[in-house]
Amino acid sequence: MVGFNELSDKVEIYFEEKNTLSEEYDHDKLESKGFYEEVRMYDYPMRGRSCILYIKKRRWYNHTQGNYVSRNWSLVAQGTQISSEFASFLKAMDRLSRH
């Protein structure tokens, strides 16, 4: 998480993927090439306000294969477009904000 704005009608959370390599590319030579275009996701409301997630997904150039690659985010929580771990994190944040 790189940013957080709590406004009267919405909560905005900004994420950037860390520059850590995926295990599937352990044997390849990768070079970080920044991020893909930021994605905006509207998630479940937090304390009666809309929640907007701004996500920047990192990309790497794979010198071994000669192409651009990114982390596989196919593991998602059912009914969402985010990972199950991330969904759990957001639920915990919502619970903590109620105290």
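Descriptive notes on the structure:
- What the Cβ-Cβ distance of residue 7 and residue 38 gives, at R0 = 22 Å and to the nearest 0.05, is a FRET efficiency of 0.75.
- Residue 54-residue 16 pseudo-label distance in nm [points 7 Å out on the Cα-to-Cβ vector]: 1.2 nm
- Charge sum, other residues only, whose C-beta stays under 13 Å from residue 30's C-beta, Lys/Arg counted +1 and Asp/Glu -1: 0
- Proximal charge balance of residue 54 [Cβ under 10 Å; K/R count +1, D/E count -1]: -1
- Converting phi to 3J(HN,Hα) with the Karplus coefficients 6.51, -1.76 and 1.60 and the offset θ = phi - 60°, region 53-70 yields 9, 10, 10, 10, 8, 6, 10, 10, 9, 8, 5, 5, 9, x, 8, 8, 9, 8 Hz in sequence order, with x at every glycine or proline.
Values quoted throughout were computed directly from the atomic coordinates according to the rules given, and no laboratory measurement underlies them. Keep in mind the model is a prediction, meaning the values are calculated, not measured. Cβ atoms come from the backbone with ideal geometry, glycine included; neighbour counts cover every protein chain shown.
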